[in-house]
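Take a look at the structure below.
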Amino acid sequence: MNKFHNILYLILFAFSLVSCYQDYVYKLELTENWQFKNADTRNWFSAQIPGCVHTDLLENGIIEDPFFGRNEQKLQWIEKSNWEYKSIFFTDEDILDKSRVELVFKGLDTYADVYLNDSLILSADNMFREWTIDCKKNLVFGKNELFIKFSSPVIIDSVKATKLLYKLPDTRGFTRKAPYQYGWDWGPRFVTSGIWRPVYLRCWNEFRIESIQIIQKELTEGNAEITSIYEIEALKEGRVELIVLDVNSDQQFVKINKDIKAGINYLEVDFNIENPELWWTNGLGKAHLYDLEFIAKSNYYIDVAKQKIGLRTLELVQNPDSIGSSFHFELNGIPVFMKGANYIPQDNFPARVNDKKYIQTIQTAVDANMNMLRVWGGGIYEKDIFYELCDENGILIWQDFMFACNMYPGDEPFIENVKQEAIQNVKRLRNHPCIALWCGNNEVDEGWFNWGWQKSLGYSVEDSTVVWQNYLKIFEEVLPQIIKTHSPYTPYTPSSPRIGWGHEEATTEGDMHYWGVWWGEEPFDMYEDKVGRFMTEYGFQGFPDLHTLDSCLLLEDLNLSSPALLNHQKHPRGMELIQTYMEREFIVPDDFENYTYVSQLVQAYGIQKALEAHRRAMPYCMGTLYWQLNDCWPVISWSSVDYYNRWKALHYFTKKTFEDFLISFEENNSVLDVFVISDKLENVKVNLEVKILNFDGKNIWSEEKEVEVQANSSQIYMKLPIVDFTKEDHLISARLVLDGKVLASNIYYSFPLKVDLPVIIDLNCVSGLFHHRVVYIYNPALPDKLQS
């Protein structure tokens with residue numbers, strides 16, 4: 001009954017706020033009645049906002065599905081064209097009587113001249129920025145017209161390149177636009193234009209809340225001491241009452257009066273939360289969130305900002321040690337091994353990714369027992385819902401700024417553009433408990449020192465000095481200063497990786513990208529040798545689900561030499577490398593269906609070696625993020641779930657390998673070490689059961705003993721002399737059992753999987769090629785007959 005009264009009180013309180021205050025910030029959405037056309041033609045067509053020119057052309061039947069077959073190659077004319085969008089909207093006295101009326105674009109892609117009633121009010125040049133224009137003087141009563149001219153990014157890139165005295169590695173570096181849309185080794189080239197995020201009029205009087213910053217000053221078991229900083233834009237001097245309210249209870253944390261002046265005001269409001277519930281990552285506890293409202297009101301005016309916060313401490317620990325330097329995250333005082341993957345945009349046309357797909361994608365990470373994703377720097381700063389879902393599900397985010405595999409200009413307009421982009425996105429994301437780290441870029445430092453750009457681009461000493469100084473300006477000066485100012489308690493690192501994988505120091509300090517497997521054609525066993533302090537990239541390709549290939553290929557194109565299939569393999573040596581590793585590890589099937597299936601097994605087998613090696617190495621290694629979680633179109637790639645969120649074999653292997661308990665094996669000097677890895681925060685007494693079996697199922701040897709698995713650790717709990725069994729026809733099976741429940745299990749083969757013996761592959765199958773829980777027996781001698 002008390003809970004009912006509390007809820008009723010909140011409803012009445014909220015109603016009283018609205019009813020007593022007749023004036024508030026009003027938004028008029030402007031997503032309807034849009035049309036578009038090629039700037040060189042006369043015919044207008046309907047447009048969907050948010051969206052882009054490619055999806056609008058598709059919806060109007062002007063082009064075929066860009067993802068189907070080889071259509072990508074037919075559609076490159078779109079990026080070289082200029083495009084125009086227009087819309088009609090209506091205003092009345094309620095809008096025009098407001099003191100301030102602003103036109104807000106949450107995202108314009110990318111070079112856009114905006115006209116309101118034939119007056120140029122904005123020239124935009126950054127896909128990642130929000131654009132706000134005071135437009136009241138340009139509005140008229142009744143009918144108003146918005147008109148936007150989008151100029152071709154690739155044409156502007158080429159013009160800017162001719163004005164520079166030296167070359168950039170890629171001309172896409174001139175434009176603040178999602179780099180992956182120019183093509184990557186897993187993605188197509190569709191250089192888009194359009195209104196890719198919402199647009200609206202924001203109408204207000206007196207003042208409005210621009211942002212809220214949450215600073216957690218102290219966190220103990222009994223109390224959380226918090227400072228909230230209201231950023232308020234005011235049109236005149238006055239006095240406001242500031243209230244912080246818990247939406248899910250009747251608690252009003254604070255109510256205080258503050259003076260404001262015309263312009264931007266920063267008002268600090270302190271409050272406390274008693275007996276706070278902590279925010280934990282997936283697997284360690286509940287990701288508890290406090291749903292708060294931050295209210296500012298005067299006698300007749302009110303504005304409200306809503307914010308969910310999580311109370312936790314998070315520190316990136318980088319301490320020198322006898323080997324190099326540590327690199328790990330401590331959550332609420334606990335060193336946590338990070339388990340996850342790299343995340344890329346979910347579509348080449350990101351505006352069409354709906355909430356349902358965001359929910360599905362984050363759920364795939366949760367279901368695979370992940371606790372961290374890296375938002376890679378060649379994509380986009382994601383929509384709010386992405387970070388909200390990570391907050392709710394206990395998924396930490398390694399957040400790159402959007403710079404990748406390139407060098408960048410250093411002129412003042414470019415630097416100022418980057419600065420505003422960074423400020424906006426840091427302020428937008430800083431209160432999310434999921435944000436673990438900001439990283440300046442992806443592989444720019446490594447590219448500069450290891451990829452031979454200076455030689456291939458013919459840089460003089462003077463050129464190299466200028467280009468490197470531009471790098472230092474952005475990544476060692478501008479971005480860290482923005483973090484220090486706007487999110488001072490969030491760690492920052494300039495580049496990922498710290499050191500290139502060809503250098504020995506890469507394994508002893510910082511984070512590591514290891515591409516010796518795949519790019520270097522090194523064997524999968526090298527994953528067990530090349531273990532760094534925190535692994536942020538490594539990977540191997542596998543085909544997607546056959547249903548996914550059916551969505552983008554004709555039946556006659558389901559063969560390895562089909563030009564249409566090869567258009568969905570963007571790595572220049574991708575097919576060759578898959579074949580090379582398959583020949584090493586498995587007998588290669590003759591038919592296409594089983595070839596796609598075995599490619600997934602090769603991918604899963606290799607990456608599982610890496611995952612286990614990284615977890616065995618804790619606390620030396622304290623994180624493993626493979627490349628990559630997802631795809632932006634139907635493609636043969638490194639992902640573990642494909643474009644339609646269908647799981648590949650790798651994702652099932654990942655789910656098992658990322659469980660709280662893992663049994664893993666390592667051969668050392670004719671001894672097989674049996675490791676048990678635990679992410680639990682308390683010791684657990686269990687039975688460790690180990691058996692040696694032959695392939696007739698005969699038990700050659702077994703041992704069972706009680707062990708106390710240490711909390712948050714990786715340790716050896718049994719040693720088996722290899723002389724005790726015959727490698728060629730024996731396997732080792734181990735289980736961890738508590739009160740009859742199997743907490744972990746694993747099988748060790750001491751021979752290559754390619755031999756003519758059946759290999760047990762245990763998949764907890766729910767979708768894609770696999771439709772139920774089944775143990776598949778892959779017999780290399782009969783690759784066309786998968787047995788179950």
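The values are calculated or read from the model by the stated rules, or taken from the named source; none is laboratory data. If you're wondering where the values come from, they're calculated on a predicted model, not measured in any experiment. Virtual Cβ from ideal backbone geometry, glycine too; neighbours counted across all protein chains shown. Calculation scope for accessible area: heavy atoms of the full protein, side chains included, ligands and nucleic acids excluded. Shrake-Rupley method; radii C 1.70, N 1.55, O 1.52, S 1.80 Å.
List of remarks:
- Only listed residue being at pLDDT 90 or above, closer than 24 Å to Phe653 by Cβ and open to solvent by 30 Å² or more (accessible area, probe 1.4 Å), chosen from Leu736, Leu743, Leu672, Leu688: Leu743
- Some residue of segment 211-223 being aliphatic (A, V, I, L, M), touching a residue at least 24 places away in the same chain (Cβ under 8 Å) and open to solvent by less than 10 Å² (accessible area, probe 1.4 Å): no
- Across segment 256-304, the qualifying residues are those that are of a type in the set (S, T, N, Q) and closer than 30 Å to Ala368 by Cα, and the one among them that is most open to solvent (accessible area, probe 1.4 Å) is Asn282.
- Of all residues in segment 455-481, exactly one satisfies the criterion of being under 17 Å from Pro491 (Cα atoms) and aromatic (Phe, Trp, Tyr), namely Phe475.
- Failed condition for Asp525, given (1) part of a helix (DSSP H, G or I); (2) in contact (Cβ under 8 Å) with a residue 60 or more places away in the chain; (3) under 21 Å from the mean Cα position of the chain (by Cα): (3)
- Leading residue by the ranking (nearest to Cys632 (Cα to Cα)) among those in segment 517-547 that are among the β-branched types (Val, Ile, Thr) and in contact with a Ser or Thr (Cβ under 8 Å, 6 or more places away or on another chain): Thr536
- Being more than 24 Å from the chain's Cα centre (by Cα), modelled with pLDDT of 95 or more and basic (Lys, Arg) holds for only one residue in Lys286, Lys297, and it is Lys297.
Condition check ((1) touching a residue at least 12 places away in the same chain (Cβ under 8 Å); (2) small (Gly, Ala, Ser); (3) in contact with a Ser or Thr (Cβ under 6 Å, 6 or more places away or on another chain)) across all residues:
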site	(1), (2), (3)
Ser249	yes, yes, no
Gln252	no, no, no
Ile273	yes, no, no
Trp280	yes, no, no
Glu293	yes, no, no
Ala296	yes, yes, no
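- Qualifying residue in segment 418-441 (condition: open to solvent by 30 Å² or more (accessible area, probe 1.4 Å), free of Cβ contacts under 8 Å to residues at least 40 places away in the same chain and farther than 30 Å from Ala368 by Cβ): no
- Being touching a residue at least 24 places away in the same chain (Cβ under 8 Å), open to solvent by less than 70 Å² (accessible area, probe 1.4 Å) and not polar (S, T, N, Q) is a description that applies to Leu546.
- A single member of Ser151, Ser193 is within 30 Å of Gln469 (Cβ to Cβ) and at pLDDT 95 or above, and it is Ser151.
- Residue selected from segment 567-582 under the condition out of contact with any Gly (no Cβ under 9 Å at 6 or more places or on another chain) and either of a type in the set (Gly, Ala, Ser) or in a helix (DSSP H, G or I) (or both), by the criterion nearest to Gln603 (Cα to Cα): Met582
- Members of segment 50-92 found to be farther than 26 Å from Asp113 by Cβ, touching a residue at least 40 places away in the same chain (Cβ under 8 Å) and of a type in the set (Lys, Arg), listed by number: Arg70
- Annotation: of all residues in segment 647-661 being closer than 17 Å to Tyr748 by Cα and open to solvent by 10 Å² or more (accessible area, probe 1.4 Å), the one that is farthest from the chain's Cα centre (by Cα) is Phe661.
- Failed item in (1) out of contact with any Leu (no Cβ under 6 Å at 6 or more places or on another chain); (2) part of a loop (DSSP other than H, G, I, E, B), with Ala711 passing the rest: (1)
- Within segment 125-145, the set of residues being outside any strand (DSSP E or B) and open to solvent by 10 Å² or more (accessible area, probe 1.4 Å) comprises Phe128, Arg129, Glu130, Lys136, Lys137, Asn138, Leu139, Val140, Phe141.
- Test result for Trp34, more than 32 Å from the chain's Cα centre (by Cα), under 19 Å from Lys143 (Cβ atoms) and of a type outside the set (Ser, Thr, Tyr): no
- Residue in segment 551-567 that is under 24 Å from Gln608 (Cα atoms) and touching a Leu at 6+ places or on another chain (Cβ under 9 Å) present: no
- Residues in segment 313-335 that are touching a Leu at 6+ places or on another chain (Cβ under 7 Å) and either buried (at least 21 other Cβ atoms within 10 Å of the Cβ) or of a type in the set (A, V, I, L, M) (or both): Leu314, Leu316, Phe329, Leu331, Ile334.
- A single entry from Leu577, Leu611, Leu565, Leu560 fulfils the requirement of being more than 21 Å from Asn442 (Cβ to Cβ) and open to solvent by 10 Å² or more (accessible area, probe 1.4 Å): Leu560.
- In segment 675-685, residue least open to solvent (accessible area, probe 1.4 Å) [restricted to those that are in a strand (DSSP E or B) and not aliphatic (A, V, I, L, M)]: Ser678
- Within segment 146-196, the set of residues being open to solvent by less than 20 Å² (accessible area, probe 1.4 Å), assigned to a helix (DSSP H, G or I) and either in contact with a strand residue (DSSP E or B) (Cβ under 8 Å, 6 or more places away or on another chain) or within 26 Å of Met575 (Cβ to Cβ) (or both) comprises Pro153, Pro179, Tyr180, Gln181, Tyr182.
- Within segment 342-376, the residues that satisfy the criterion of being assigned to a helix (DSSP H, G or I) and either under 13 Å from Tyr626 (Cα atoms) or touching a residue at least 60 places away in the same chain (Cβ under 8 Å) (or both) are Pro350, Ala351, Arg352, Lys357, Gln360, Thr361, Thr364, Ala365, Val366, Asp367.
- Of all residues in segment 106-124, those that are more than 12 Å from Gln424 (Cβ to Cβ) and crowded, with 19+ Cβ neighbours inside 10 Å total 8.
- Identity of the residue in segment 197-210, part of a strand (DSSP E or B) and not aromatic (Phe, Trp, Tyr), that ends up surrounded by the fewest Cβ atoms within 10 Å (Cβ to Cβ): Glu210
- When residues of segment 500-513 are limited to those that are in a helix (DSSP H, G or I) and not polar (S, T, N, Q), the one least open to solvent (accessible area, probe 1.4 Å): Ala506
- Among the residues listed as Arg573, Arg498, the single one being among the basic types (Lys, Arg) and in contact (Cβ under 8 Å) with a residue 12 or more places away in the chain: Arg498
- Scanning segment 514-539 for residues that are surrounded by 24 or more Cβ atoms within 10 Å (Cβ to Cβ) and closer than 19 Å to His568 by Cα yields a single hit, Gly539.
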